[in-house]
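The values are calculated or read from the model by the stated rules, or taken from the named source; none is laboratory data. Given the structure is predicted, the values throughout are model-derived calculations rather than measurements. Here Cβ is always computed from backbone atoms with ideal geometry, including for glycine, and neighbour counts include all displayed protein chains. Ligands, DNA and RNA are stripped out before the accessible areas are found, and what is left, the full protein with its side chains, is counted by its heavy atoms. Shrake-Rupley method; radii C 1.70, N 1.55, O 1.52, S 1.80 Å.
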Amino acid sequence: MTHPVHVAVALEGAGWHPAAWREDDARPRDLTSPGYWAELVRAADDAGVAFATFEDALAFAGRWTDRDEPRTDAARGRLDAVLLASFLAPLTRRIGLVPTVTTTHPEPFHLATGLQTLDHASHGRAGVRIVAGSSPAERANFGRRADGPVGFPASGRVEDDPAWEAAFREAGEVVEVIRGLADSWEDDAIIRDVESGRFLDRDRVHNLEFEGEFFSIKGASIVPRSPQGQPLITALAHQTIPYEFAAQHADVVFVTPSDPAATAGILAELVEASDDVRTEVEPLRVFADLLVLVEAWRAAAEETWSRLQEREALVTDARVVVGTADDVVEEIRAFATAGVDGVRLRPARLPADLVAIADLVVPAAQARGVLLPDGGESTLRERLGLPLRASRYARTEVPA
Amino acid sequence: MTRRQIHLAAHFPGVNNTTVWTDPTSGSQIDFASFEHFASNAERGLFDYVFLAEGLRLREHRGQIHDLDVLGRPNTLAILAAIAAVTRHVGLVGTLSTTFNEPYELARQLATLDHLSGGRAGWNAVTSSDAFHGANFRRGGYLDHADRYVRASEFAELSKRLWESWDEAAIVADAAAGVFLADDAVARVRHESRLFDVDALFDIPSSPQGRPVIVQAGDSADGRDFATAHADVIFSLHTEFSDAQDFYRDVKGRLAAHGRDEESLKILPAATFVLGDTLAEAKERSREVALQQVRPETAITYLEQVWNRDFSGYDADGPLPDVEPDTGPETAQGFANRHAAVRARISKLREVADAENLTIRELIIRLTANHTFVGTPEHVASEIDRYVQERATDGFTVVGHLTPHGLDEFTDRVIPLLQERGSYRRSYEEGATLHDLLGLPPVRQRTLV
């Protein structure tokens, strides 16, 4: 008996297929327009998608392409993801908003306060996808750091490159700071006590006093505690060190099994990694990434896929599903059986495949009991079955 | 002859004692509902922009978090992005530091805000150099005090080059031909100096305004230089009429040297107001608000900051303390200067207190809680108009004392009178950018030849 799972979507540009911008119903001129993003995310929200992730990097295109000469045949131009998510907060009702952030150049203090503010503006639907490291392009854009990975080691293994290992350590410190600053004001710090003239109880606001390998942060947040307390921390992982990073620091990990059968091995690695390092109380939630192209008929989907592939062959880490909504639902069921907690769908084309997910895939999956229904919980964490916790500084009430 | 038009900014109540939280109607400093109310009222009142201050570390007093005034605020950019979603016309100006940000990231965030808002973004560029705020950031208090405007100026220049690095017509999006970007449509931006070493390819297309409106608030000589070189608006402190006229003449007079027109820089000093049905009633209300803004403990705290001593035993309804200041540990540099500056300040306080026989509380009220415009709506409107018509200011940055509804009354009672005088807009022009609302010349964008 398969347990039902959550569904999330991963949104990027004109879609995850590099040729998607050339489709008839693509909107390549709108990739930085507010209306484009509002329509996509509201459709996902209305359909009952649990959360949407938004890609971002601090370089032209991705982090590792287009350094010497900007490509003129690929969709380019994006918006800062934390600000995009904040903009979408008042325009959406239930969907979690999970921007991608990098962890080498941004100030951890600004990242933390930005996410707290997203949580306030969305009444508790904030999350974040943490990315480790920086690329040479990003370092050149900033001129602030000389250290960092130059590329990927020949073995493809993070542990073979000290610069990558350091990048993951730094990303871990950024998560510690995000969590620590989120806790720095206790829930009831603001007392508005007219009699004593005190706006807040200063004993309930705590300086962070974080001293790390890569940076130190002294003070408390400038932002009072937000509805969720902590944002939902997510990460994408493909191998041991990223798995360990996710196990230690994240609430949700996105993984890329090549097929449902490959899931077991990944889950086993995650369990082992969690045993060693997991500091959070709940088990790590695992979402399988699926890149999907959906049409009413399988033949139409395959024809569309061929057209896209002829224009440019997709290179991806994720399993690709080309077919009908039913085909996608059966894939989701297979991954659910394999033991994941959810799936994150990457639409090959935007808006077409997001619309197909919202209008066809999600309703069909719900009808077949493959999807967890929206339980009406107020925050993103609770929606995913994660409890809200008081600030680490909160005193436990002593019964009278 | 058309009257000079009044420009108004709406300043969200700041984290200081100007904001009264003891009033039972006072609302949250952090809930989004407060920002939504505030921005909606500003839009209803046809303000040019809403304005947010910023503080990058919780205020402390004598080594502890200061708990007498409101505390807690959102991240500036994130809240402005959220406000963009619930407004259509009003500008969105936030205070952001050139010391604790980097140009590539801040420029892309401001460009993002401009895209999301349809061209309404603005940036109040502030400098800071101290270790206190720096302790929350990667490099600590790394910036030499003398370098703060050097960095600010280079930061602004670099940001402008990044904003204009995408040609306006860069995105071709020819699906059939497979051409997304025009050739040479994105320029590399290189800047090498003592403070920056950047070789950048910006990843955000040209935004509706071209670049955000830039506001500047520092009153020093360096600050005025920065303003005349880079700013579109000065958020000044000069509200006394002839002082304001002097400042206006000085600053506007420097613009020609930068090839700028008088109208290309607007001066909008901070102003507070209290209304009444009669002048007497307004004065009474002003007095009530002042007493709320300067509570006895507020007044004592002010003195403790000047004297650097504990005055918790003192009565705010009594005279100034007759004791020496504690000017802190002696250091090689700065000790003599600080000592002299503190003494001069105390001397000035005594002078004012003695001249009018003021208690501690009354003195602090006199110094900090004088409301700029006090009177009937007709009087206030007439004064605001006079300042603008007679070139003392181009308008004001209006600060209320209650969150979030403190400016509701201004919108209801003063704005219509400004409109009746022909000195204020009666509607927003559809599609107007913040540059347009402020009557600024359009930004010249790089265009492909």
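Quick check: is even one residue across the range A:142-161 more than 24 Å from A:Tyr243 (Cα to Cα), out of contact with any helix residue (DSSP H, G or I) (no Cβ under 6 Å at 6 or more places or on another chain) and facing another protein chain (nearest Cβ under 8 Å)? Yes: the range A:142-161 contains one or more residues that are more than 24 Å from A:Tyr243 (Cα to Cα), out of contact with any helix residue (DSSP H, G or I) (no Cβ under 6 Å at 6 or more places or on another chain) and facing another protein chain (nearest Cβ under 8 Å). Checking the range A:1-18 against the condition returns a match, with at least one residue being buried (at least 20 other Cβ atoms within 10 Å of the Cβ) and facing chain B (nearest Cβ under 10 Å).
Residue-by-condition table, conditions (1) in a strand (DSSP E or B); (2) under 18 Å from the mean Cα position of the chain (by Cα); (3) at pLDDT 95 or above:
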{"site": "B:Ala82", "(1), (2), (3)": "no, no, yes"}
{"site": "B:Arg88", "(1), (2), (3)": "no, no, yes"}
{"site": "B:Val93", "(1), (2), (3)": "yes, yes, yes"}
{"site": "B:Ala107", "(1), (2), (3)": "no, no, yes"}
{"site": "B:Asp114", "(1), (2), (3)": "no, no, yes"}
{"site": "B:Gly140", "(1), (2), (3)": "no, no, no"}
{"site": "B:Asp147", "(1), (2), (3)": "no, no, no"}
{"site": "B:Glu157", "(1), (2), (3)": "no, no, yes"}
{"site": "B:Ala173", "(1), (2), (3)": "yes, no, yes"}
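Considering only the range B:234-257, state which residues are modelled with pLDDT of 95 or more, of a type in the set (A, V, I, L, M) and part of a helix (DSSP H, G or I). Listed by number, the list holds a single entry, B:Ala244.
If the condition is being basic (Lys, Arg) and over 30 Å from A:Phe51 (Cα atoms), then the range A:128-156 contributes A:Arg139, A:Arg144, A:Arg145. Looking at B:Gly45, B:Gly27, B:Gly55, just one residue is at the interface with chain A (Cβ under 8 Å from one of its Cβ atoms), in contact (Cβ under 8 Å) with a residue 40 or more places away in the chain and not basic (Lys, Arg), and that residue is B:Gly55. Residue count for the range B:44-69, restricted to those that are more than 18 Å from the chain's Cα centre (by Cα), farther than 13 Å from B:Gly14 by Cα and of a type in the set (D, E, K, R): 4. For the range B:177-218, what are the residues that are surrounded by 20 or more Cβ atoms within 10 Å (Cβ to Cβ), assigned to a strand (DSSP E or B) and either within 8 Å of another protein chain (Cβ to nearest Cβ) or touching a helix residue (DSSP H, G or I) at 6+ places or on another chain (Cβ under 7 Å) (or both)? Passing the criteria: B:Phe180, B:Leu181, B:Val186, B:Val189, B:Val198, B:Ala200, B:Val213, B:Ile214, B:Gln216. For A:Pro34, which of the numbered conditions (1) within 10 Å of chain B (Cβ to nearest Cβ); (2) open to solvent by less than 20 Å² (accessible area, probe 1.4 Å) fails to hold? Checking A:Pro34 against (1) within 10 Å of chain B (Cβ to nearest Cβ); (2) open to solvent by less than 20 Å² (accessible area, probe 1.4 Å), the one that fails is (2). Looking only at residues in the range A:176-205 that are open to solvent by less than 40 Å² (accessible area, probe 1.4 Å) and assigned to a loop (DSSP other than H, G, I, E, B), the one that is nearest to A:Gly127 (Cα to Cα) is A:Ser184. With respect to the stated conditions, A:Arg204 fails to be at positive phi, within 11 Å of chain B (Cβ to nearest Cβ) and more than 24 Å from the chain's Cα centre (by Cα).
Yes or no, residue by residue, for (1) among the hydrophobic types (A, V, I, L, M, F, W, C); (2) out of contact with any His (no Cβ under 9 Å at 6 or more places or on another chain):
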| site | (1), (2) |
| --- | --- |
| B:Ile267 | yes, no |
| B:Val294 | yes, yes |
| B:Arg309 | no, yes |
| B:Tyr314 | no, yes |
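The set of residues in the range A:90-109 being at the interface with another protein chain (Cβ under 7 Å from one of its Cβ atoms) and either under 30 Å from B:Ala185 (Cα atoms) or surrounded by fewer than 24 Cβ atoms within 10 Å (Cβ to Cβ) (or both) consists of A:Pro90, A:Leu91, A:His105, A:Pro106, A:Glu107.
Reported count of residues in the range B:159-171, each being touching a Ser or Thr at 6+ places or on another chain (Cβ under 6 Å) and assigned to a loop (DSSP other than H, G, I, E, B), is 1.
Is it the case, given these coordinates, that A:Asp25 is more than 8 Å from chain B (Cβ to nearest Cβ) and either charged (D, E, K, R) or part of a loop (DSSP other than H, G, I, E, B) (or both)? Judged against the criteria, A:Asp25 is a match. Can you tell me which residue within the range B:1-48, out of those that are of a type in the set (Ser, Thr, Tyr) and over 20 Å from B:Pro416 (Cβ atoms), is most open to solvent (accessible area, probe 1.4 Å)? Per the stated criteria, the residue is B:Thr25.
In the range A:121-129, is there at least one residue being open to solvent by less than 10 Å² (accessible area, probe 1.4 Å), over 19 Å from the mean Cα position of the chain (by Cα) and modelled with pLDDT of 95 or more? No; the residues of the range A:121-129 include none that is open to solvent by less than 10 Å² (accessible area, probe 1.4 Å), over 19 Å from the mean Cα position of the chain (by Cα) and modelled with pLDDT of 95 or more.
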